[in-house]
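Quick notes on the structure that follows.
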Amino acid sequence: MTMIALTVNARDISADVEPRTHLADFLRDGLNLTGTHLGCEHGVCGACTLLLDDMPARSCITYAVACDGARVTTIEGLDDDEIMVELRGAFTREHALQCGYCTPGMLISARDLVLRLPTADERDIRAGMSGNLCRCTGYVGIIRAVRAVIEARRARGVAPIVGAGRSSLGPAGSGHGTPSSSGIIAAASANAEAAPVPNATMSIPDFTPETTFEQHFIVAHPPATVFDFFGNIPAVAACLPGASLSRNAMPGHADGAIEVRLGPISAKFQGPARIERDPTTMTGRIVGTGSDRRSRSSTQGEIRYRLTPIKQGAATEVRFSIGYSLRGTLAQFARPRLVQDMAERMTTDFAHNLDHALSGLPQNGRAGNTTSLDGITLLRDVLRQRARRLLRNIWRRSSSPNE
Ligand code: FES
Ligand code: FES
């Protein structure tokens, strides 16, 4: 199984999939999005067409694992799309469907033509729709419907979008999404960002981390103040080097990214997180998943924290454990010791920024910086820490002669 994280109809989804599972099965069986139909399963009939990074693509010949980091829009995600509303009306008026089996794929291909064809030329429309087969209608009504929508939009002064906004050639779903070529999809995404996503947290499963380590730091503020601050996700993200939120955090849920650099590889893990807090025990837990397109790596992570009062409650000891599993290219470089070294550095910066934020002081430019361990720094820090550990062990042994 391979873990992937992608956006489906403006919802962040992560899941374990078998490498052989194609995208249509993943959507239909895994997410119950049955509007994507399967006909030939050979890439011929077009019934399974959907938008992958805003480009029409055959989901029956696209592996789900190849869509890690991609943006998938199915017919269900185009309910409120302006062009789709016009196309549905035109299909009804022109009797452009009978059994309707080919219709979701037809509509998605037709939408692409409406976006980019400058004129409603019948030859161009027939050529553009030739990758979608229909057993019932004889195509005449379908072509008339598409023509009618293009004509009506151009008559209203709606200009075509060259290439429907495509900025590059290449396989759709290769994970290099550009901002939506359609204002409508962008608007739908914006609405989805504002609206609660009821099932989003369900897509973040519990997991058993492959590697876990512990960290702690002390902050000179009472536990209640620190715990309150930890409930303010944007403020916490502002203290964490390399972290950013990609949409408004909601109670119990956040979507964001964290950028790190490890030796020759820099990675920006992007994905959702589930947040749990218990004020009675002053504990909390964050479980998240993320993927990075450039390094083709993905991760699941979990942070558990506990706040303990010290100095008669005037200060707080923050103890936390970090657990993670890493997949992909970065996993080959990210030895647990290196990740721990980087986490120690992030913890130091986070503690510093947290203290400044709670004291109302500026962050000294440490927040928002990518945490990096470049080659020389990496070597120097690792050697320094190993030397420190060696000295500590020698010291312990020499002070306990009986060992
Ligand atoms: Fe995908 Fe036919 S089912 S092209
Ligand atoms: Fe039946 Fe097209 S309407 S296959």
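For (1) surrounded by fewer than 20 Cβ atoms within 10 Å (Cβ to Cβ); (2) modelled with pLDDT under 85, each residue gets a yes or a no:
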{"residue": "260", "(1), (2)": "no, yes"}
{"residue": "268", "(1), (2)": "yes, yes"}
{"residue": "279", "(1), (2)": "yes, no"}
{"residue": "283", "(1), (2)": "yes, no"}
{"residue": "288", "(1), (2)": "no, yes"}
{"residue": "294", "(1), (2)": "yes, yes"}
{"residue": "313", "(1), (2)": "yes, no"}
{"residue": "318", "(1), (2)": "no, no"}
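Let's see how each residue does on (1) away from ligand 1 (no atom under 16 Å from the Cβ); (2) aliphatic (A, V, I, L, M); (3) more than 17 Å from residue 50 (Cα to Cα); (4) assigned to a loop (DSSP other than H, G, I, E, B):
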position: 83; (1), (2), (3), (4): yes, yes, no, no
position: 97; (1), (2), (3), (4): yes, yes, yes, yes
position: 107; (1), (2), (3), (4): no, yes, no, no
position: 119; (1), (2), (3), (4): yes, no, yes, yes
position: 132; (1), (2), (3), (4): no, no, no, yes
position: 142; (1), (2), (3), (4): yes, yes, yes, no
position: 146; (1), (2), (3), (4): yes, yes, yes, no
position: 153; (1), (2), (3), (4): yes, no, yes, no
position: 157; (1), (2), (3), (4): yes, no, yes, yes
field: Pairs, first within 14 Å of residue 58 (Cβ to Cβ) in region 21-32, second part of a helix (DSSP H, G or I) and within 11 Å of ligand 1 (Cβ to nearest atom), C-beta under 6 Å, six or more apart
entry: 22/60; 23/59; 24/59; 24/60
task: Answer with yes or no whether residue 22 is surrounded by 19 or more Cβ atoms within 10 Å (Cβ to Cβ), farther than 28 Å from residue 139 by Cα and within 11 Å of ligand 1 (Cβ to nearest atom).
output: yes
query: Right, residue 332: modelled with pLDDT under 65 and surrounded by 15 or more Cβ atoms within 10 Å (Cβ to Cβ) or not?
result: no
- prompt: So which residues in region 43-64 are near ligand 1 (Cβ under 6 Å from one of its atoms) and out of contact with any Gly (no Cβ under 7 Å at 6 or more places or on another chain)?
  reply: 43, 44
message: I'm trying to understand the selection: among the residues of region 59-72, which are under 19 Å from the mean Cα position of the chain (by Cα) and either among the aliphatic types (A, V, I, L, M) or modelled with pLDDT of 95 or more (or both)?
response: 64, 65, 66, 70, 72
- request: Take the residues in region 47-58 that are outside any strand (DSSP E or B) and modelled with pLDDT under 95, then tell me which one is nearest to the chain's Cα centre (by Cα).
  value: 53
- prompt: Does residue 241 fit the bill of being closer than 30 Å to residue 350 by Cβ, part of a loop (DSSP other than H, G, I, E, B) and either in contact with a strand residue (DSSP E or B) (Cβ under 9 Å, 6 or more places away or on another chain) or modelled with pLDDT under 65 (or both)?
  reply: yes
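Okay, residues lined up against (1) within 16 Å of ligand 2 (Cβ to nearest atom); (2) within 20 Å of residue 129 (Cα to Cα):
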{"position": "12", "(1), (2)": "no, no"}
{"position": "32", "(1), (2)": "no, no"}
{"position": "39", "(1), (2)": "yes, yes"}
{"position": "77", "(1), (2)": "no, no"}
{"position": "86", "(1), (2)": "no, yes"}
{"position": "92", "(1), (2)": "yes, yes"}
field: Members of region 146-171 found to be modelled with pLDDT under 95 and of a type in the set (Val, Ile, Thr), listed by number
entry: 158, 161, 162
- prompt: Of all residues in region 1-38, how many are assigned to a loop (DSSP other than H, G, I, E, B) and under 16 Å from residue 74 (Cα atoms)?
  reply: 9
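The values are calculated or read from the model by the stated rules, or taken from the named source; none is laboratory data. Worth saying up front: this structure is predicted, and the values here are computed from it rather than measured. Cβ: placed from backbone, ideal geometry, glycine included. Neighbour counts: every protein chain shown.
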